[in-house]
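Below you'll find the structure, written out as structure tokens, and then a few comments.
All of the numbers you see were taken from the coordinates with simple rules; none came from a lab. A quick note: this is a predicted structure, and the numbers were derived from the prediction, not measured. When we count neighbours, we look across all protein chains shown, and the Cβ atoms used for this are built from the backbone with ideal geometry, even at glycine.
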Amino acid sequence: MKEELSEFLRLRDFVLSGPDYQTCKKEFKWPHLVKFNWALDYFDHIAKDNNDLALICADENGLEKKVTFDEMRRRSNQAANFFKDLGLQKGDRVMIMMENSVYLYEILLGLMKAGGVIIPAATMLPPEDVADRIKSANIKFLFVNSEYVDKVMKAKEALFDLVARVNVGDSLDTILGEEEEKVPLWINYKEVDKYKDEYVPTFITYSTDEMYSFFTSGTTAKPKLVMHPHQYPVGHLTTTYWIGCKKGDVHYNISAPGWAKHAWSSLYAPWNAQATIFTYRYKQFNAKKVLSVIEKYKVTTLCAPLSVWKLFLIEDLSQYKFSLTQLVSAGEPLNPEIVKKVKEKLNLDLREGYGQTESPAMIGNFIGEPTKEGSMGKAVPGYELLPLNELLDPAKPREDGQLAVKIYPIKPLGLLTALGDHERNAMIFKGGYYLTGDVASVDEDGYFYFVGRADDVFKSLDYRISPFEVESEIMVHHAVLEVGVIPTVDEKDRIIPKAFIVLKPDYIVSKEMALDIFRFIRDHMAPYKRPRVIEFMSAFPKTISAKVIRKDLKAYDQELKTKGTRGEFEFREADFADELNIRR
């Protein structure tokens, strides 16, 4: 056994032994990895002759496929040989535009083995975004589910520099018209069946070689490419520890393959633990169907974003007989009201985790550790974080600052190598820190409290306003499903909070509902942070990872201001001066 694998297994086995938080944080030590390929060195090691279930893929039509670790090892070897025959060279970037399937996992592992750089793309991306990403990331290979080929074809101006395009699914004979000269033809992934199921690499993989890169979600700016090396999966031992999954667990992470959370806990965290990964494919999310498959397949550890938990809580959860033991959530900060309701309905703690496209889990609430309302938890073992002021000095306890990760003298594994933007790199790596761009505070006990993105936090009448804090308080209202808070200006040109609100399905937008919410706000919130304007929406503009795109809300509000008009369902506190006893 090579030294690097021994080092990785030492830390992995320690994490899986279930140490309490203080012990884990004290004894956790990152391995020194020089030559390491997680798929070749680790996955193949644990998978050879292993007939435990590695993967269960089900869909809304009742179809399912179960794959053992050894079957996945052999199939991914066939894939690696296929990619090599296609002309894939070490370091070539590969865009994957696919839904969850057994094929997806074969391809991901095969690309790691063959030296390709994985760049996932959401299947809902429009053609212009597909073209932009192919060009900006210098993509050489494209893997696409057959149902999305038409969309990709509309990005034709970006396809000339590709080495190969691979269609994963049905034959395209009836889909494609004539191909333009110089554009590589579509190759069907079924060709993989012809290749040997043993693979021998012809190159050395260094732990710092690029392996898995993501475009950011783009909530406040244009998406940027985040680059991760081959030691990235090792960094996700922090995610494994936070989730708490172990060998024998069935882990379900509700996530699409187009963003980093899929790599977090639909790939690395569960297979680091040798747990079984469960995926469920559907055209449109349906809470009842998803809850039914969680029950049917005896899912034990579940990770879902805030938007999904909101929809789950609308359902009658008492009718299901779950096998759940651990519940976690990441991607968006959890409102305390959501955590409280999950505990009431499932008698399990919903534990929040914090991380970014640029990292694995960095902060979390851990099994056996006390929690504090509104806190996203403590720093994961192997990471040291703290809020900094503008001079990069540590903020005092309970004071806001930009959340930063210490990267000197030891840079934690799993943290990005760089962004595909040299100017931005100079801004985020400073003084021995990685600056996250998020604002937070930490108390005397080491518990972190999320305030918001640095770009989102604003001042109103000289008070600092955290959109997340205001949203959390409005979320307590019985009729509210989702809230998004931004700064706007009133008739005196003063900056004030505005709340965009999506109601639960059983409630109707009306003037009476607006009054009820304004009364709730006045009764439950401090005057300085009360939204003086609310606007009802049927849905929010969201990223592929279901995060509210605040820049779009701000742009929409600015458009209203420019036109000198209101939104169709916009209400102002002043509209209810008599009912609310407001001085005129």
Select from Val485, Phe278, Gly431 the residue farthest towards the positive end of the dipole of the chain; place +1 on Cβ of Lys and Arg, -1 on Cβ of Asp and Glu, and compute about the Cα centre. Gly431
Within region 494-584, report the GluC sites (Glu not before Pro) that DSSP leaves as loop and that have at most 16 other Cβ atoms within 10 Å. Glu568
So what is the 222 nm mean residue ellipticity for the chain from helices alone, if each DSSP H run of at least 4 adds -39500 (n - 2.57) and you divide by all residues, rounding to the nearest 500 deg cm²/dmol? -8000 deg cm²/dmol
Using only the alpha-carbon atoms, how far is helix 511-524 inclined from the longest principal axis of the chain? Give it as 0 to 90 degrees, nearest 10. 90 degrees
Over region 458-580, relative contact order from alpha-carbon pairs under 8 Å, at least 6 apart, %: 24 percent
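Which shape class, rounded, prolate or oblate, goes with region 74-231 when its Cα gyration tensor gives a ≥ b ≥ c as root eigenvalues, a/c under 1.5 marks rounded, and past that a/b bigger than b/c marks prolate? Can you show the working numbers first?
Numbers: a/c = 1.69, a/b = 1.10, b/c = 1.54.
It is oblate, given that a/c is not under 1.5 and a/b is not larger than b/c.
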Taking 8 Å as the Cα distance limit and 6 or more residues as the minimum spacing, I'd like the relative contact order of the chain as a percentage. 11 percent
In whole angstrom, how far apart do the alpha carbon centroids of region 91-138 and region 380-431 sit? 29 Å
Measuring from the longest principal axis of the C-alpha atoms of the chain, the long axis of helix 102-114 (C-alpha) lies at a number of degrees, nearest 10, equal to 70 degrees
Below 21 Å, Cα to Cα, which lysines can Lys224 reach? Residues fewer than 8 away in the same chain don't count. Lys135, Lys140, Lys261, Lys430, Lys542, Lys547, Lys551, Lys554
Quick one: what do you get for the chain if you divide its Cα Rg by 2.2 N^0.38 Å? 0.99
Dipole magnitude of the chain about its Cα centre, charges +1 at Lys/Arg Cβ and -1 at Asp/Glu Cβ only, in debye to the nearest 20? 500 debye
Counting only residues 5 or more places away or on other chains, whose amide H sits under 5 Å from the amide H of Arg281 once H atoms are built in the peptide plane? Ala58, Asp59, Glu60
Post the alpha-carbon centroid distance, region 37-90 to region 333-372, in whole angstrom. 31 Å
Using Cα centres only, tell me the gap between region 238-301 and region 496-540 in whole Å. 34 Å
Volume per residue of the C-alpha convex hull in region 440-545, rounded to whole Å³: 142 Å³
List Lys156, Lys224 from most exposed to least, where exposure is judged by having the fewest other Cβ atoms within 10 Å. Lys156, Lys224
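Write down the percent of antiparallel bridges among all DSSP beta bridges whose residues are both part of the chain, to the nearest 5.
55 percent
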With only Lys, Arg, Asp and Glu charged, each at its Cβ (+1 for the first two, -1 for the last two), find how big the charge dipole of region 352-468 is about the Cα centre; round to the nearest 20 debye. 200 debye
With +1 on the Cβ of every Lys and Arg and -1 on the Cβ of every Asp and Glu, and nothing else charged, how large is the dipole of region 1-144 about its Cα centre, in debye rounded to the nearest 20? 540 debye
Quick one: helix 336-346 against the long Cα principal axis of the chain, what's the angle to the nearest 10°, folded into 0 to 90? 60 degrees
Least to most buried among Met211, Met537, by other C-beta atoms within 10 Å and fewest first, runs Met537, Met211
